[in-house]
Amino acid sequence: MHNVIIIGSGCAGLTAAIYAARANLRPLVIDGYEPGGQLTLTTMVENYPGFPDGVLGPELIENMRKQAQKFGAEFKVGAVSDVDLGRRPFKITAGKETFEAIALIVAAGASARMIGLESERRLMGHGVSTCATCDGYFFRGKEIAVVGGGDSAMEEANFLTRYASKVHLVHRRNEFRASKIMLDRARANEKIQFVAPFVVEEIHSASKGAVEGVRLRNAKTGEAREIALEGVFVAIGHDPNTAIFRGKLEMDANGYLVTRNESKSSVPGVFVAGDVQDHRYRQAVTAAGSGCMAAMDAEKFLEEHKD
């Protein structure tokens, strides 16, 4: 029996673990499918407060993990496969083990949708990114590509023109899912060149392990095209890691968990933090803030339900 179990070990989950551990709740953290969350896929993080020279994403996560362990948090490797939230104590199944908790913090995060190329995976954090706000600064004066056709792709392409010399907006169809206002804004930006209908077949790199270009193929004619560039931003959406909570916690049409009164979910005693409920900001600092809120709300809940 645990006072509180935290699902997820990214920025939100680890901050929740730090606060819960300092409250002497001895939380159990179950790592999840992506231990450390999306920060482990980045290199330098320059917008997290307190690091004027930046900090490596994996280093930031490792330090947060050590901080939580210092105060008494326990960690368990594995991914949660089932939850029973019908009554307390809640039952959480990970692998062959089942754990019980009086309070639960869901910080399972969201996973960026990827193109599915081996080169994309290999070059993640080395020229390939899923976050313009996080990594755009590193591409000052460089030519880059944004892949996608929705509002997120238009927004990221426009944002990246603050830094990049040119942005190739690559989309597999001539039609775009983006709203008219976002599409018109991108088309009016002289730094953005639309490349459609093309799909990315390969991301090129030399022995130095950095992006040097892409090979594209026309989705209608089969025409091949090579573009020399130094960065690829994949903006085809995110999927919240909420499949196991379907029918058990309230979520919106896109699968993000719905919260009310700060971090509270639709089930008393279950609290939510980070990208699993945030489809707008998706920043390390906002995830950390929501993890703090969830832990403090869980602490108050446990105090009110001592019996």
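Annotations for the structure displayed:
- Whenever a residue of segment 296-307 is at positive phi, it has no partner that is open to solvent by 100 Å² or more (accessible area, probe 1.4 Å) and outside any helix (DSSP H, G or I) lying with C-beta atoms less than 6 angstrom away and at least six residues away or across chains.
- For segment 162-182, the set of residues classified as surrounded by fewer than 18 Cβ atoms within 10 Å (Cβ to Cβ) and not basic (Lys, Arg) consists of 165, 174, 175, 179, 181, listed by residue number.
- Restricting attention to segment 41-80, the residues that are within 15 Å of residue 287 (Cβ to Cβ) and either open to solvent by 70 Å² or more (accessible area, probe 1.4 Å) or assigned to a loop (DSSP other than H, G, I, E, B) (or both) total 5.
- In segment 258-291, residue least open to solvent (accessible area, probe 1.4 Å) [restricted to those that are out of contact with any strand residue (DSSP E or B) (no Cβ under 9 Å at 6 or more places or on another chain) and without any contact (Cβ under 8 Å) to a residue 40 or more places away in the chain]: 286
- Residue within segment 109-120 that is in a loop (DSSP other than H, G, I, E, B) and either of a type in the set (D, E, K, R) or in contact with a Pro (Cβ under 6 Å, 6 or more places away or on another chain) (or both) present: yes
- Residues that are assigned to a loop (DSSP other than H, G, I, E, B) and without any contact (Cβ under 8 Å) to a residue 12 or more places away in the chain were ranked within segment 87-108; the one that is farthest from residue 278 (Cα to Cα) is 96.
- Some residue of segment 99-118 being in contact with a Lys or Arg (Cβ under 6 Å, 6 or more places away or on another chain) and hydroxyl-bearing (Ser, Thr, Tyr): no
- Test: residue in segment 246-258 that is among the polar types (S, T, N, Q) and within 16 Å of residue 105 (Cβ to Cβ): no
- Number of residues in segment 125-161 that are surrounded by fewer than 20 Cβ atoms within 10 Å (Cβ to Cβ), farther than 20 Å from residue 48 by Cα and touching a helix residue (DSSP H, G or I) at 6+ places or on another chain (Cβ under 8 Å) equals 2.
- Unique residue being more than 23 Å from residue 121 (Cα to Cα) and in contact (Cβ under 8 Å) with a residue 12 or more places away in the chain when the list is 35, 49: 49
- Pairs meeting the criteria (first residue in segment 4-24 and basic (Lys, Arg), second residue part of a helix (DSSP H, G or I) and crowded, with 24+ Cβ neighbours inside 10 Å, beta carbons under 6 Å, at least 6 apart or on different chains) are lacking.
- Residues located in segment 212-233, provided they are in contact with a Lys or Arg (Cβ under 9 Å, 6 or more places away or on another chain), farther than 17 Å from residue 197 by Cβ and open to solvent by less than 10 Å² (accessible area, probe 1.4 Å): 229, 231
- Some residue of segment 23-36 being of a type outside the set (Val, Ile, Thr), farther than 18 Å from residue 295 by Cα, more than 21 Å from the chain's Cα centre (by Cα) and open to solvent by 60 Å² or more (accessible area, probe 1.4 Å): no
- Residues that are more than 15 Å from residue 76 (Cβ to Cβ) and touching a strand residue (DSSP E or B) at 6+ places or on another chain (Cβ under 7 Å) within segment 21-32 comprise just one, 25.
- Strands (runs of 3 or more DSSP E) contained entirely in segment 206-307, each with at least 3 residues that are at pLDDT 95 or above: 211-218, 224-228, 231-234, 270-272
The values are calculated or read from the model by the stated rules, or taken from the named source; none is laboratory data. Only a predicted model underlies this, so the values are computations on that prediction, with no experimental measurement involved. Counting neighbours? That spans all protein chains shown, and the Cβs are built from the backbone with ideal geometry, glycine included. Each accessible area value is taken on the protein alone, full model and side chains, heavy atoms only, with ligands, DNA and RNA left out. Shrake-Rupley method; radii C 1.70, N 1.55, O 1.52, S 1.80 Å.
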